[in-house]
Amino acid sequence: QVQLVESGGGLVQPGGSLRLSCAASGSIFSINAMGWYRQAPGKQRELVAAITSGGSTNYADSVKGRFTISRDNAKNTVYLQMNSLKPEDTAVYYCNAVGRGGGGTADFGSWGQGTQVTVSS
């Protein structure tokens, strides 16, 4: 089993910055991709940003130019640097990882518990 632990959420004023971290642990053989999703009240969960093991990235249009995703493969950790935050960025942010575990014989897809990001003056 693979566990994801997120940190770094909180309350920030519009225009401010936050950095989220997510560390994966457990029976990990390899991680193909890691990403961040968010869910605002009354809305569906949406992809914010994702990064592959090779470093390819993908961003939601709403965060391009403001958010940067990165990862440390040696630490099985993914980061999300969020700059120029807006009130509409307020949501619970979830970390996701997909890969192979159990000695390389089983696929996994895991979610973190979520971390609240609130952008408000």
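Of all the criteria given as (1) at pLDDT 95 or above; (2) open to solvent by 30 Å² or more (accessible area, probe 1.4 Å); (3) assigned to a strand (DSSP E or B), the one not satisfied by Ile69 is (2). Residues in the range 9-45 that are closer than 22 Å to Gly99 by Cβ and either aliphatic (A, V, I, L, M) or touching a Lys or Arg at 6+ places or on another chain (Cβ under 6 Å) (or both): Leu20, Ala23, Ala24, Ile28, Phe29, Ser30, Ile31, Ala33, Met34, Tyr37. Remark: pairs (first residue in the range 37-55, within 13 Å of Glu88 (Cα to Cα); second residue assigned to a loop (DSSP other than H, G, I, E, B) and open to solvent by 50 Å² or more (accessible area, probe 1.4 Å); Cβ separation under 6 Å; 6+ apart in sequence or on different chains) = Gln39/Arg45. Of the set (1) part of a strand (DSSP E or B); (2) open to solvent by 60 Å² or more (accessible area, probe 1.4 Å), all apply to Gly54 but (1). Among the conditions (1) under 16 Å from Tyr93 (Cα atoms); (2) exposed (fewer than 15 other Cβ atoms within 10 Å of the Cβ); (3) touching a residue at least 24 places away in the same chain (Cβ under 8 Å), the only one that Ser30 does not satisfy is (1). Among the conditions (1) open to solvent by less than 30 Å² (accessible area, probe 1.4 Å); (2) part of a loop (DSSP other than H, G, I, E, B); (3) of a type in the set (D, E, K, R), the only one that Lys43 does not satisfy is (1). Considering only the range 2-25, I want to know if a residue exists there that is in a strand (DSSP E or B), under 22 Å from Gly104 (Cα atoms), among the small types (Gly, Ala, Ser) and open to solvent by 30 Å² or more (accessible area, probe 1.4 Å). Looking through the range 2-25, at least one residue is in a strand (DSSP E or B), under 22 Å from Gly104 (Cα atoms), among the small types (Gly, Ala, Ser) and open to solvent by 30 Å² or more (accessible area, probe 1.4 Å). Output yes when any residue across the range 107-115 is touching a strand residue (DSSP E or B) at 6+ places or on another chain (Cβ under 6 Å), under 23 Å from Gly15 (Cα atoms) and open to solvent by 60 Å² or more (accessible area, probe 1.4 Å), and no when none is. No, every residue in the range 107-115 fails to be touching a strand residue (DSSP E or B) at 6+ places or on another chain (Cβ under 6 Å), under 23 Å from Gly15 (Cα atoms) and open to solvent by 60 Å² or more (accessible area, probe 1.4 Å). State whether the residues of the range 78-86 include one that is loosely packed, with under 14 Cβ neighbours inside 10 Å and either free of Cβ contacts under 8 Å to residues at least 60 places away in the same chain or touching a Ser or Thr at 6+ places or on another chain (Cβ under 7 Å) (or both). The answer is no, given that none of the residues of the range 78-86 is loosely packed, with under 14 Cβ neighbours inside 10 Å and either free of Cβ contacts under 8 Å to residues at least 60 places away in the same chain or touching a Ser or Thr at 6+ places or on another chain (Cβ under 7 Å) (or both). In the range 67-76, the count of residues that are among the hydroxyl-bearing types (Ser, Thr, Tyr) and at positive phi is zero.
The values are calculated or read from the model by the stated rules, or taken from the named source; none is laboratory data. Fair warning: this is a prediction, and the values are worked out from it, not measured in the lab. With ideal geometry, Cβ positions are generated from the backbone for all residues, glycine too; neighbour counts draw on all protein chains shown. Remember, those area values only see protein heavy atoms, side chains included, never the ligands or the DNA or RNA. Shrake-Rupley method; radii C 1.70, N 1.55, O 1.52, S 1.80 Å.
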